[in-house]
1. May I ask you to list the residues in segment 105-119 that are loosely packed, with under 15 Cβ neighbours inside 10 Å and over 19 Å from TRP53 (Cβ atoms)?
2. Go through the residues of segment 89-96 one by one and say whether even a single one is open to solvent by 50 Å² or more (accessible area, probe 1.4 Å) and in a loop (DSSP other than H, G, I, E, B).
3. Which one of THR117, THR98 is touching a Phe, Trp or Tyr at 6+ places or on another chain (Cβ under 6 Å) and within 14 Å of GLU6 (Cβ to Cβ)?
4. Among the residues of segment 48-72, what is the count of those that are open to solvent by 40 Å² or more (accessible area, probe 1.4 Å), closer than 18 Å to PHE29 by Cβ and either assigned to a strand (DSSP E or B) or not polar (S, T, N, Q) (or both)?
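The values are calculated or read from the model by the stated rules, or taken from the named source; none is laboratory data. Quick caveat, the model's predicted, so the values are computed rather than measured. Positions of Cβ are generated from backbone atoms using ideal geometry, with glycine treated the same way; all protein chains shown enter the neighbour counts. Surface accessibility is based on the protein's heavy atoms, side chains included, excluding ligands, DNA and RNA. Shrake-Rupley method; radii C 1.70, N 1.55, O 1.52, S 1.80 Å.
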Amino acid sequence: QVQLVESGGGQVQPGGSLSLSCAASGRSFNSLVVGWFRQNSRKEREFVAQLTWSTGSIYYAEDVKGRFTISRDIARNMVDLQMNNLKPEDTGVYYCATRRSFTPNTIQSYNNWGQGTQVTVSS
């Protein structure tokens, strides 16, 4: 099973930018969908964005559309999440996760999770 490691979190002021990366060790992302999720103390874990590795197909949550960009780096076997115009409500622990590409598009289908990286948006 692929091991996932997130990096790139930190603290930024509202309107700022951060870039997160999800690295896989042990295997490639072939046949997988790679998703980004976030969780803070007041909410359940929620979907942010996903990318199907084989096709490059992308899907975003409504509240991050136009601000966040998910992309793949085939050479590095990594999935990046560029976050612009960050808002305080974007604060949380961001997780990278994978599911098989033929599984239902639900959070329950994601069966492999990284340890998470903290993103704090505050003035």
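1. GLN108, GLN115, GLN118
2. no
3. Going through THR117, THR98 in turn, just one is touching a Phe, Trp or Tyr at 6+ places or on another chain (Cβ under 6 Å) and within 14 Å of GLU6 (Cβ to Cβ): THR117.
4. Of the residues in that region, 5 qualify.
Residues are listed down the side, and each one gets a yes or a no for (1) modelled with pLDDT of 95 or more; (2) open to solvent by less than 20 Å² (accessible area, probe 1.4 Å); (3) part of a loop (DSSP other than H, G, I, E, B):
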site: PHE29; (1), (2), (3): no, yes, yes
site: VAL34; (1), (2), (3): yes, yes, no
site: ARG76; (1), (2), (3): no, no, yes
site: LEU81; (1), (2), (3): yes, yes, no
site: THR103; (1), (2), (3): no, no, yes
